[in-house]
1. Starting from 0 in steps of 5 Å, tell me what percent of the Cα-Cα pairs of region 41-119 lands in each bin.
2. Which percent of Cα-Cα pairs in region 1-145 sits in each 5 Å bin, short to long?
3. Sort D104, D96 by accessible area with a 1.4 Å probe, largest first.
4. Rg to Rh ratio, region 6-74, alpha-carbon atoms and Kirkwood radius?
5. Pick out the long, greasy-scoring helices in the chain: whole DSSP H runs spanning 24 Å or more along their own axis by Cα, mean Kyte-Doolittle at least 0.0.
6. Using a basic spin-label model with each label point 7 Å from the Cα along Cα→Cβ, how many nm lie between N176 and D48?
7. So for the chain, averaging the separation of alpha carbon pairs under 8 Å that are six or more residues apart and normalising by length, what relative contact order in percent results?
8. Could you pull out every one of the lysines with an alpha carbon less than 29 Å from that of K200, ignoring same-chain neighbours closer than 8 positions?
Amino acid sequence: MHLVDSHCHLDNYEDLPAILANARAAGVHKLLAIGIGDGPATMHHALDLAHAHPEIFATAGIHPQEAHQATPEVLAKLTTLAQDPRCIAIGEIGLDYYHLDNPDIPTQQAAFVAQLKIAEAAGKPITIHCRTSELATPQAKAKYGSADAWEDLLHLIRQYWTPTELPGIMHCFSGNEDQAARSLAAGFYLSFAGNVTYPKSTTIQTVAATAPSDRILIETDAPFLAPIPLRGQTNEPAYVAHTARFVAELRGISPEALAGLTSANFGTLFPTTLSV
Ligand SMILES: [Zn+2]
């Protein structure tokens, strides 16, 4: 098996060499380490890892939860990181109307648009975090009102990203079939995480079963969202093999075939990773 973990957070493992050895043993040959750090001050850590380990590639970006920190200085730092050949995407960026303590909507949208412009200037794809307030607490729902993160996100993408003709990834895709169709139409890949294996995720499972085979990816979002049968444990890149098996079964193909096509899609999206 030849697997790629298209989205993981590697900053905080106590024994990263062991985590990478586990990944290799599970057939995970490439990892995309997300460079949001514990906030913009450490968003370069993933890139440091990418320089230290040939199988790791990195992103850099300001998560919507940190949008209030998107100062001119931080955006300048991101512009510099984006030049690095081992930084293959900008992210995770987007909108999060789920958590009550997130920055307000205008602040989130301004940080998102500023980063779309940095990605465009660097000519690099983006990886998107989008979370609606559908299942949020009543207080969070009251804060974000009738605003819908998916509607706002797709609107901003149409306005600022589609004209660039650059691709992107909907990370941990957790939307509905309509949002999937509109993401695909906008040139995005859908990346499925461990939550696709959870029994209540029937809509995500439908999307994972039916999305075009040349536009799907798999990821762990480690250390979060461990797939069944490891749900509740600390997730790690090796566990993407479980998600691969699950999605393969949904699609009626072998795990090897699913691993092959998602790895090929990653290479199409990020041609510079193919030489590794
Ligand atoms: Zn993430």
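1. 3, 17, 27, 22, 15, 10, 4, 1
2. Final binned percentages: 2, 10, 19, 20, 17, 13, 11, 6, 2, 0.
3. Numbers: D104 75, D96 0 Å².
Largest to smallest exposure gives the sequence D104, D96.
4. 1.03
5. Counting only whole DSSP H runs, the qualifying helices are 105-122.
6. 4.4
7. It rounds to 19 percent for the chain.
8. Partners within reach: K141, K143.
The values are calculated or read from the model by the stated rules, or taken from the named source; none is laboratory data. Since we're looking at a predicted model, the values are computed, not measured. No Cβ is skipped: glycine too gets one built from the backbone with ideal geometry, and neighbour counts run over all protein chains shown. Protein only, heavy atoms only, side chains kept; ligands, DNA and RNA dropped before computing areas. Shrake-Rupley method; radii C 1.70, N 1.55, O 1.52, S 1.80 Å.
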